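Enquirer: Take a look at this one; I'll ask things after.
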Amino acid sequence: MFPKGSRSSAIITERRRRSARAAKRWQRRFEEQKRIHKEIQEAASDILKSRNFRSTRRHIQHGSMTVNSHCMSVARHSVALSYKLEKLHIRSNRRELIRGALLHDYFLYDWHDVDHISPHKLHGFYHPGVALSNASREYNLTDREKDIIRKHMWPLTIVPPLCREGWIVTASDKWCSLLETLHFHKGHGAVIEAAIETAIEDETEKHNIG
């Protein structure tokens, strides 16, 4: 169509190269997300299926993101960060990293609610302890997982994380929280999430009865 070596031909060739590079980047990102999803499912299927963890879909965390969506996002970012650190020969225990990330906000209440008996104004300071207490009752936590949950709000917790998994989750949590607060990451809100959860429970109950 265009003479060989013409400016238009060069522009088209460059656009094709850019499109090919973009397609490769998208493919790598897609494959990484598939790998992350698989790792999370394998490391924490018991947590993901538990009624209490699913109930966190009813509580808002930041913006329109529920606690459940936030924890899933922190887990995904934590795993992705651990991949990058591995390239620098900085390894971490992925199973404990994932489980700690999923349970780091396991406080099981909506901190936006007005509660005159136990006000949530100091939620940022005391919720790691509540999350750890709740998680400890339901799961046999390792020392790393406890450290991740207990210290993820550093520097509000004063004492910093004592393991690299704790630092990874702390960094991922702050990054995700910033994106959610600024509405770069948006969720469906607690009302829709609660409706979805109810529908799932109703379907499960019908299946069990049948």
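The values are calculated or read from the model by the stated rules, or taken from the named source; none is laboratory data. Owing to the predicted nature of the structure, the values given are computational and were not obtained by experimental measurement. So basically every Cβ, Gly included, is an ideal-geometry build from the backbone, and we count neighbours across all protein chains shown.
Enquirer: For the stretch 23-38, name all the residues that are of a type outside the set (A, V, I, L, M, F, W, C) and under 13 Å from the mean Cα position of the chain (by Cα). Break it down stepwise before answering.
Expert: Taking the stretch 23-38 as the starting set, the residues that turn out to be of a type outside the set (A, V, I, L, M, F, W, C) are 24-25, 27-29, 31-35, 37-38.
Once the filter is applied, which keeps residues that are of a type outside the set (A, V, I, L, M, F, W, C) and under 13 Å from the mean Cα position of the chain (by Cα), the stretch 23-38 yields Q33, H37.
Enquirer: Follow-up question, since we're still on this one. Given the structure, is R99 in contact with an Asp or Glu (Cβ under 8 Å, 6 or more places away or on another chain) and in contact (Cβ under 8 Å) with a residue 40 or more places away in the chain? I'd like the intermediate steps shown before the answer.
Expert: Numbers: in contact with an Asp or Glu (Cβ under 8 Å, 6 or more places away or on another chain): yes; in contact (Cβ under 8 Å) with a residue 40 or more places away in the chain: yes.
It is true that R99 is in contact with an Asp or Glu (Cβ under 8 Å, 6 or more places away or on another chain) and in contact (Cβ under 8 Å) with a residue 40 or more places away in the chain.
Enquirer: Which helices (runs of 4 or more DSSP H) sit wholly inside the stretch 9-105 and have at least 3 residues that are more than 15 Å from W167 (Cα to Cα)? Spell out how you get there, then give the answer.
Expert: Values: elements: 51-55, 67-86, 94-103.
Once the helices (runs of 4 or more DSSP H) in the stretch 9-105 are filtered for at least 3 residues that are more than 15 Å from W167 (Cα to Cα), what remains is 51-55, 67-86.
Enquirer: So, in the stretch 148-178, exactly how many residues are within 16 Å of H127 (Cβ to Cβ), outside any loop (DSSP other than H, G, I, E, B) and polar (S, T, N, Q)?
Expert: Total meeting the criteria: 2.
Rundown of residues vs (1) modelled with pLDDT under 90; (2) surrounded by 12 or more Cβ atoms within 10 Å (Cβ to Cβ); (3) within 17 Å of K38 (Cβ to Cβ), yes/no style:
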site: M72; (1), (2), (3): no, yes, yes
site: S78; (1), (2), (3): no, yes, yes
site: Y83; (1), (2), (3): no, yes, yes
site: S92; (1), (2), (3): no, yes, no
site: G100; (1), (2), (3): no, yes, no
site: W111; (1), (2), (3): yes, yes, no
site: V114; (1), (2), (3): yes, no, no
site: H123; (1), (2), (3): yes, yes, no
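Enquirer: How do the pairs read when you match residues in the stretch 130-148 that are touching a residue at least 60 places away in the same chain (Cβ under 8 Å) and under 20 Å from I168 (Cβ atoms) with residues anywhere that are buried (at least 20 other Cβ atoms within 10 Å of the Cβ) and of a type outside the set (A, V, I, L, M), using Cβ under 9 Å and keeping only pairs 6 or more apart or on different chains?
Expert: So the pair list comes out as Y139/R99; Y139/E145.
Enquirer: Residues in the stretch 23-36 that are touching a residue at least 12 places away in the same chain (Cβ under 8 Å) and either surrounded by fewer than 18 Cβ atoms within 10 Å (Cβ to Cβ) or small (G, A, S) (or both): how many?
Expert: Of the stretch 23-36, the ones touching a residue at least 12 places away in the same chain (Cβ under 8 Å) are 32-33, 36.
Still in the list and also either surrounded by fewer than 18 Cβ atoms within 10 Å (Cβ to Cβ) or small (G, A, S) (or both): 32-33.
The total comes to 2.
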